[in-house]
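Derivation of every value follows stated rules applied to the coordinates shown; laboratory data play no part. Everything quoted here is computed from the prediction, not taken from an experiment. Heads up, the Cβs are rebuilt from the backbone with ideal geometry, glycines too, and the neighbour counts pull from every protein chain shown.
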Amino acid sequence: MADKRDYYEVLGVDKSASEDEIKKAYRKKAKQYHPDLNPGNAEAEAKFKEANEAYEVLSDSQKKARYDQFGHAGVDPNYGAGGAGGGFGGFGGFGDDGIDLGDIFGSFFGGGFGGGGRRADPNGPRRGEDIQTRVTISFEETAKGCKRTVDVNRVDTCRECNGTGAKAGTSPKTCPDCGGRGHVNVQQRTAFGVIQTQKACPKCQGKGKIIEEPCQKCRGAGRTSSKVSVEVNVPAGIDNRQVFSISGAGNAGVNGGPRGDLKVVVMVRPHPFFERDGYNVWLEQHISFTQAALGDNLRIPTLDGDVKFDIPAGTQSETVFKLAGKGIQVVNGRGRGDQLVRIIVDTPKNLTQKQRDLLMELETELGVKRGSPVGSSQKKSSFFDKFKN
């Protein structure tokens, strides 16, 4: 499946666009690509659904905030393609005379722009909502993966009534006004004449059922909310602020529908000396002036513990060595990145007079002339070349 396009790109607006600008952009797209105006055009239908999904997110301040922070992973895709409030290309709402413009345009164009041609069955199964939490882990844990137990507020099917919403020993009744459809036909007098439209049934509030004796525990909702503990396996290689999902760990569905997912945002604490670069790890290793000149056998810290590493004589500051396979595990894959060690040569400070004299003597022995031009690679390397012989 191809990656989804950016929602702002879909509607043709900037990220700083106002609510009115987003609404106007959606209306323009809805009118342009609506299937009723483009019969048999699969491309137009796909673009219409894409615009609906984008507007459903960007028109909701909370969903928009999650999308701005986490991208598509921060919003529930299962609730993105079902239209944006009904009505003609987003023209839902009421006119100055109290007439429902969405229903009127819906009657002209076969079920309403943005709402599809049919109303959903109020008694049909519906998937539960996704929920979100976050975990904070160490740098080492993100490299190798770990387990965490998180507490989340989750909606579950009421155990008292098994999700029916009715008191034990009773059951919901089919609404006599709508016959269980959840909607009724009404007539409205408009400038176009008398128009017949559909509205949510006022007796059952669009549910299609009436609960005469509600369950005392869930108060007729059929679901209850509580805090539960969920064990999550954080995959190795995941990066800071990345999101992964646990299927079926979200809110319970309605009318036998499946559970939603639990989306976990990973926050990685910075490491005191490791720095991540993709799947590679950078480390700055400080060595002394004499270690650089004479070489040394060092113990280099890695994610797997210290390893021995030989620094060759004459090593220059900013030299980079590679420790193959000592980086971060590729997420959901095989192999690891490398550890890159950048050498920093520390120049000695606050020398005693004896130390200065020794360095001056060494300088004379090596034939280095004070005040000579500095910068050529040949002159820089000649100093250390004398130690290699």
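For E284, the residues 5 or more places off, or on other chains, whose built amide H falls under 5 Å of its own are R342.
Relative to the current alpha-carbon distance between V186 and D239, full extension at 0.36 nm per residue lengthens the span by 13.6 nm.
Rounded to the nearest whole Hz, the Karplus-based 3J(HN,Hα) values (6.51 cos²θ - 1.76 cosθ + 1.60, θ = phi - 60°) of region 358-369 follow the sequence 5, 5, 5, 5, 5, 4, 5, 4, 7, x, 7, 8, with x at glycine and proline. Working from Cα pairs under 8 Å separated by at least six residues, relative contact order for region 255-322 is 21 percent.
Across region 252-378, C-alpha contacts under 8 Å between residues 6 or more apart give a mean separation that, scaled by the residue count, equals a relative contact order of 22 percent. In percent, rounded to a whole number, the relative contact order of region 188-288 is 14, using alpha-carbon pairs under 8 Å and six or more apart. For G206, nonlocal amide neighbours, meaning residues 5 or more places apart or on other chains whose placed amide H falls under 5 Å from its own, are C201. Distances between placed amide hydrogens fall under 5 Å for F244 paired with V264, V266, all partners being 5 or more residues away or on another chain. Coupling constants for region 173-185 follow from the phi torsions by the Karplus curve (6.51 cos²θ - 1.76 cosθ + 1.60, θ = phi - 60°), and in residue order they are 9, 5, 4, x, 6, 10, x, x, 6, x, 9, 10, 8 Hz; glycine and proline get x. Residue ranges 12-23, 205-216 sort as 205-216, 12-23 when ordered by packing (mean number of other C-beta atoms within 10 Å per residue, highest first).
Phi angles of region 261-277 translate, via the Karplus equation with coefficients 6.51, -1.76, 1.60 and θ = phi - 60°, into HN-Hα couplings of 10, 9, 9, 10, 8, 9, 10, 10, 5, x, 8, x, 9, 8, 9, 7, 9 Hz per residue; Gly and Pro are given as x.
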